[in-house]
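Novice: Got a structure for you, questions after.
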Amino acid sequence: MKNLKKILSALSAVLLLSLSLSVLSCASSPSSDGSSSVSARKTKAVLTKNPERMFWTITGTDSNGKPSHVHILGTIHAADERVFPLGDKVIESFTTADRLVAEISLDDIQMNLMSSVMEAMTQDVLPDGKDILSDLSESQRSMLGSILGDQLGPLSRFKPWVSTTSCQNAYLGGIGFDARYGVDMSIYGYAIENGKKVEGLDALSTQLDILRYGDYETQLQILKDLLDDLANPTEVHSMMMSLYEAYLKDDAAAVGKICLDNMKADEKRSAIYKDYDKMLYNDRNKAWAEKITEYLDEGGETFIFAGCAHFTAGETVFHYLKKLGTL
């Protein structure tokens, strides 16, 4: 299977990728020692898969022994109208929750997103006279030009991650997926309309680090791989639609398999993807599991909405919750 990591990430793993198009067109991290800050629990919580699409509930007790719940909605960050309506139980859970949590806090999206991405781009302007085009093959330059159009010249003067992100957004738009139909955007919208706070599982810097992963050569290789893959549109489209259809059908096993197969193919293709996968999934899943345990200890009703890949593929958030002894 081809490497489609950046596109898969935009759909199901990294929220910032699906939010960055509007920024580009305008042109808390895990602990370093890997240790857990969560204490051992006396009573394990119970994980339940609800009938609604990609919706789970963790039932436990808080630090005072009172009932505590964390509801988790696995989302897809770019979609079409078929993703709606959400189930009644899902809507009830996020409208009555004591705490709303997403991958990125609402404050970061409203106040820090554009300035942070623009600052990152400013830092990643290439030296005078340099652009990425000379490092691409003729076929790759042609593909990049067909995707970016008039933006090719300006964007090629930044480090390759800028073109990669623009390409994946353009591709998703071309097959009818839009961040405005993303489940995340719907819930953020509810929070804004009702004056609700949305906390973040990730610091904005964590997602920016993923966006800007690697040195110049690593970023260039990721861009080349993506352009080579997009030269085979039938195969790419089939895989992306298979992922989306599995999501719509609430087939968590199929979603997880597609993502996991892609990870394995990536790592077989190039060693650079092993560390990328660790940053994208494992490190964040472990950190999220620790936060979820803290939410259970603090009590009340918590509603989390975040990319479905984190709850279905490989060493999931649930895997790390079991390792912590929370489940």
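Novice: Are any residues in segment 152-183 part of a loop (DSSP other than H, G, I, E, B) and either under 15 Å from residue 220 (Cα atoms) or at pLDDT 95 or above (or both), and if so, which ones?
Specialist: 156, 157, 159
Novice: Within the group 115, 93, 63, which residue is closer than 15 Å to residue 302 by Cβ and either at pLDDT below 95 or among the basic types (Lys, Arg) (or both)? Lay out the reasoning, then the answer.
Specialist: Working: 115 fails: closer than 15 Å to residue 302 by Cβ; 93 fails: either at pLDDT below 95 or among the basic types (Lys, Arg) (or both).
From the options 115, 93, 63, the qualifying one is 63.
Novice: Restricting attention to segment 112-138, and to residues there that are acidic (Asp, Glu) and more than 23 Å from the chain's Cα centre (by Cα), which single residue is farthest from residue 156 (Cα to Cα)?
Specialist: Among them, the one singled out is 138.
Novice: Something else about it: Using the structure shown, decide if residue 149 is part of a loop (DSSP other than H, G, I, E, B) and under 24 Å from residue 237 (Cα atoms).
Specialist: no
Novice: Can you tell me which residues in segment 194-211 are open to solvent by 40 Å² or more (accessible area, probe 1.4 Å) and either under 19 Å from residue 247 (Cα atoms) or at pLDDT 95 or above (or both)?
Specialist: We begin by selecting, within segment 194-211, every residue open to solvent by 40 Å² or more (accessible area, probe 1.4 Å); these are 194-197, 199, 205, 209.
Result: 194, 195, 196, 197, 199.
Novice: Name the single residue, out of those in segment 130-146 being outside any helix (DSSP H, G or I) and in contact with a Ser or Thr (Cβ under 6 Å, 6 or more places away or on another chain), that is nearest to residue 78 (Cα to Cα).
Specialist: Among them, the one singled out is 132.
Novice: Cβ-Cβ below 6 Å, separation at least six or inter-chain, first residue in segment 110-138 and over 18 Å from residue 206 (Cα atoms), second surrounded by 14 or more Cβ atoms within 10 Å (Cβ to Cβ) and of a type in the set (Gly, Ala, Ser): which pairs?
Specialist: 131/156; 132/156; 133/156
Novice: Just give me the residues in segment 104-124 being in contact with a strand residue (DSSP E or B) (Cβ under 7 Å, 6 or more places away or on another chain) and acidic (Asp, Glu), in sequence order.
Specialist: Once the filter is applied, which keeps residues that are in contact with a strand residue (DSSP E or B) (Cβ under 7 Å, 6 or more places away or on another chain) and acidic (Asp, Glu), segment 104-124 yields 108, 124.
The values are calculated or read from the model by the stated rules, or taken from the named source; none is laboratory data. Bear in mind that the values here come from a model prediction, so they are computed numbers and not experimental data. Reconstructed Cβ throughout: ideal geometry from the backbone, glycine too, with neighbour counts over all protein chains shown. Surface accessibility is based on the protein's heavy atoms, side chains included, excluding ligands, DNA and RNA. Shrake-Rupley method; radii C 1.70, N 1.55, O 1.52, S 1.80 Å.
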